[in-house]
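Quick note: the coordinates plus some simple rules give every number you see, no bench work behind them. Computed from a prediction, not measured in an experiment: that's the story for all the values here. Every residue, glycine among them, receives a Cβ derived from its backbone with ideal geometry; neighbour counts consider all protein chains shown.
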Amino acid sequence: MFSAIYIEEEIKDWDRVKEIVEPFSNVPQIICGRYGEVFNRTNQNFRIQKQTPALILAKKYGNLVLQAPSGYGFEGGQSFYFSHMLNCIYDCRYCFLQGMYRSANYVLFVNYDDFKSQIEKSIRSCDGNSIYYSGYDCDSLALEPVSYFCDYFLRVFEENPSGILEIRTKSTQVRALLERPPIPNCIIAMSFSPQKSALLFEHKVPSIQKRIQALEKLQAKGWKIAIRFEPVIFENRLVENYKVLFEQIFDSLDVHQLHSVSLGEFRMPKAYYKSVVKLYPDEELFARETKVEGGMISLKDTGTDSLRNLEDMLQTYVSHEKYYFCG
Amino acid sequence: MESNIHFSINFVVAHKLEAKPLIRHFNLKAYTEKPYVIFKNENGIRLIISGMGASNASNAVRYISELRGNRFGYSEGWINVGIAGHRDLELGTCFLVNKISSKKTKEVYYPSLSIEAKNTEGLITVDRPEKLYADDEAYDMEAAGFFKAASMCSELELINTIKVISDNETSSIDNITEKLIEDLMLRTLSVIDPVVSELEKKLAILNRVLVLENNFLELVKSIHFTVSQRNQLKRLFQRFDAMGRKNELSRILNCNLVSADQLLLKLSDELKRQVQ
Ligand code: SF4
């Protein structure tokens, strides 16, 4: 699973670290100074590294809870995000992480107690509800068997009901959720693309069918579910392809119980896009016509007002109140 | 074009004795004598005898990286192979190095590993032969200089260090003979071969687009391009390739457009007719 496990000297004796590395006795364990010595080096190649990524166990200092970018997520209070992990075990070709980081290695920040105190401080500082997104710089559930993220952070939010946790994922690692009672202030937000895009661009991601099955189980258990149709990648027969996907999803789930459904197009900061093109000059997705707006690159619409058409169609399945556009 | 070999793997070895089994294994032929003894074969593998010590290893890397004048910017693979000492590892133990610390400069390097690499060790590069084996790591005299220099001319994922234990607390450096070195180095081949094939795969990915660009540039070499036009042109080549439209690209390049502007315009216009 990992080519190596790097462990910061400072945390090498922590119980959580020992627990994480225990099942990987065959994997080389290497003590390093600060994680940046491995993660932030120049001359790394993300694409090559992605073939044999390593795990880096580290302690995160500084701001552990950050203001969410404007336009990210749903209404309902002040929005924040926190990243207990950097990078993801999946390999979506459209993922901005490829352009953001020099390294494809996974960094897991194991000082969960520090995250807890900053999350709690942030919750206390807000009037009313506040929202916390996890899975902005990673997929929070995908590494659950290693990170025990749910195990720890669900308890934090259970004790702090005015903090709403959204776990953004494409993973079917939901056992930890199914094995415990649901908490009302946690939303599991699953992202989907139509079959054609999923096959072309979402490498190593569980199939649409498996993800729907995971959501069915979660919903039956009483967990709040959200659906994210992001990023929309323009293609011929876009609306028809999304229609198939919408039917597949909304026929399987209880639409009335859904927390929210969102739509957002493929967008990437120009600098990240440039780096990603350098890594994958042979990728068809990046050979397409693009446009630049406000420093963000997006694909040119291959149809006429495709996003609007998708929005209209989506709102025939879900009520207007549950829908938002992520831009 | 200089040759059909679009990757190079460079072995950096301190001493001729350490190099012998590699020279035989890869069927390397003498290439230069001075200032460095270099061997190479027809499959893109080169070997340079650096001499002992970190700064010699570093100089040898710089020398061989500039030797061919890699004007197309192809990525190259790097492997430092040699003997090392360790407090208690058995003689003949071969391993990939997972961490290199320079005793002199205190710099630390972390070579990338592959999922298959199970036998790995940390390594300390020292200036003089280590007889006390103070730390629980292997000791050599070149790796830190090698890695630092190689990381300046190549991606980190293309740099490997492979060592074999030649001395330990029970068998000192003084027992090392020519015969022992040759026997020990023979053992490294089972570690080297998979590393070489990994490198070939990585280089194929990294160099594929460069090869393609250069092949297409050949077709329009009579046209003058500014640096920025050339970069635009290369990106257009890449996009045609990524879209599976290389035949169309060849047709356009062969239709005798005379100016750089004309060609760039024609290629961009054609690309806009996207087929998905
Ligand atoms: S699942 Fe999300 S975080 Fe992971 S690679 Fe795909 S887009 Fe990136």
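Evaluating 6.51 cos²θ - 1.76 cosθ + 1.60 at θ = phi - 60° for every residue in region A:117-131, the Karplus couplings come out as 5, 6, 5, 5, 4, 5, 4, 5, 7, 9, 7, x, 6, 9, 10 Hz, glycine and proline recorded as x.
Would you be so kind as to identify which of B:Met52, B:Asn214, B:Tyr31 lies farthest towards the positive end of the dipole of the protein assembly as shown, taking Lys and Arg as +1 and Asp and Glu as -1 on Cβ and the Cα centre as origin? The one lying farthest along the dipole's positive direction is B:Asn214. Taking a cut-off of 16 Å between Cα atoms, list the aspartates and glutamates near B:Lys131, but don't count ones fewer than 8 places away on the same chain. Reachable aspartates and glutamates: B:Asp88, B:Glu90, B:Asp140, B:Asp167, B:Glu169, B:Asp174. Here A:Trp14, B:Trp78, A:Trp223 are placed in order of increasing Cβ neighbour count within 10 Å, fewest first, which gives A:Trp14, A:Trp223, B:Trp78. Residues considered: A:Leu299, A:Leu200, A:Leu218. Largest GNM mean-square fluctuation over chain A, using C-alpha springs under 10 Å, is found at A:Leu200. Taken about its Cα centre, region B:159-276 carries a charge dipole of roughly 1160 debye when the Cβ of each Lys and Arg holds +1 and the Cβ of each Asp and Glu holds -1. Just check the protein assembly as shown against the gyration tensor rule for me: Cα atoms, a ≥ b ≥ c as the square roots of the eigenvalues, rounded for a/c under 1.5, and otherwise prolate or oblate depending on whether a/b exceeds b/c. Verdict is oblate for the protein assembly as shown. Among the residues of B:107-117, the average count of other protein chain beta-carbon atoms within 10 Å of the residue beta-carbon is 5. Taking amide hydrogens as placed 1.01 Å from N in the peptide plane, the amide H of A:Ile187 sits under 5 Å from those of A:Leu165, A:Glu166, A:Ile167, each at least 5 positions away in sequence or on another chain. For chain A, adding -39500 (n - 2.57) for each run of n ≥ 4 DSSP H residues and dividing by the number of residues yields -8500 deg cm²/dmol at 222 nm. Each Cα pair under 8 Å and six or more residues apart adds its separation to the average, and for chain A the resulting relative contact order is 15 percent.
Within 10 Å of the Cβ of each residue in B:238-244, the mean number of Cβ atoms contributed by other protein chains is 5. One chain, two ends: A:Thr42 and A:Asp282. Fully extended at 0.36 nm per residue, the span grows by 84.1 nm beyond their Cα-Cα distance. When the charge dipole of region B:176-276 is built from unit charges on Cβ atoms (+1 for Lys and Arg, -1 for Asp and Glu) and taken about the Cα centre, the candidate among B:Val258, B:Thr177, B:Ala204 whose Cα reaches farthest toward its positive end is B:Val258.
Across region A:208-216, rounded Karplus estimates of 3J(HN,Hα) from the backbone phi angles (6.51 cos²θ - 1.76 cosθ + 1.60, θ = phi - 60°) give 4, 4, 5, 5, 5, 4, 4, 5, 4 Hz, Gly and Pro being marked x. Here's how it looks for B:Arg87: its modeled amide H is under 5 Å from those of B:Glu137, which are all 5 or more places away or on a different chain.
A straight chain from B:Arg187 to B:Ser228 at 0.36 nm per residue would run longer than the Cα-Cα distance by 9.7 nm. Under a 5 Å amide H cut-off, with hydrogens placed 1.01 Å from N, A:Ser3 pairs with A:Ala54, A:Leu55 among residues at least 5 apart or on other chains. For region A:233-327, trypsin sites (Lys or Arg not before Pro) are listed when DSSP marks them as loop and at most 11 other Cβ atoms sit within 10 Å of their Cβ; the list is A:Lys300. Magnitude of the charge dipole for region A:130-258, about its Cα centre and with charges confined to Cβ atoms of Lys, Arg (+1) and Asp, Glu (-1), is about 220 debye.
Our summary gives region B:223-275 a relative contact order of 48 percent, counting only alpha carbon pairs under 8 angstrom and 6 or more residues apart. Each residue of region A:88-102 was assigned a 3J(HN,Hα) from its phi angle through the Karplus curve 6.51 cos²θ - 1.76 cosθ + 1.60 (θ = phi - 60°); the sequence is 9, 6, 7, 9, 6, 5, 8, 5, 6, 4, 4, x, 8, 10, 7 Hz, with glycine and proline shown as x. Using only the C-alpha atoms, the convex hull of region A:180-327 corresponds to 134 Å³ per residue. By the Cβ-Cβ criterion of under 4.7 Å, the unpaired cysteines of chain A are A:Cys32, A:Cys88, A:Cys126, A:Cys138, A:Cys150, A:Cys186, A:Cys326. Take the Cβ atoms of A:Asp113 and B:Asn119, set R0 to 41 Å, and the FRET efficiency comes out at 0.65. For the pair A:Asp127 and A:His256 in one chain, pulling the backbone fully straight at 0.36 nm per residue adds 43.6 nm over the alpha carbon distance.
Counting Cβ atoms of other protein chains within 10 Å of each residue's Cβ and taking the mean over peptide B:204-211 gives 2. Does chain A classify as rounded, prolate or oblate by the C-alpha gyration tensor (a ≥ b ≥ c root eigenvalues; a/c under 1.5 gives rounded; else a/b over b/c gives prolate, otherwise oblate)? The shape class here is oblate. Around the Cα centre of region B:9-205, unit charges on the Cβ atoms of Lys, Arg, Asp and Glu (plus for the first two, minus for the last two) sum to a dipole of about 740 debye. Taking all Cα pairs closer than 8 Å and separated by 6 or more residues, the relative contact order of chain B comes to 19 percent. Pairs from the table (A:Lys278/B:Lys234; A:Lys60/A:Lys274; A:Lys59/A:Lys278; A:Lys50/A:Lys170; B:Lys103/B:Lys148) lying more than 20 angstrom apart at Cα are A:Lys60/A:Lys274; A:Lys59/A:Lys278.
Of the beta bridges DSSP finds with both residues in the protein assembly as shown, what % are antiparallel, to the nearest 5? Around 30 percent antiparallel, to the nearest 5. The B:Ala134 and A:Asp301 beta-carbon pair, evaluated with R₀ = 60 Å, returns a calculated FRET efficiency of approximately 0.35.
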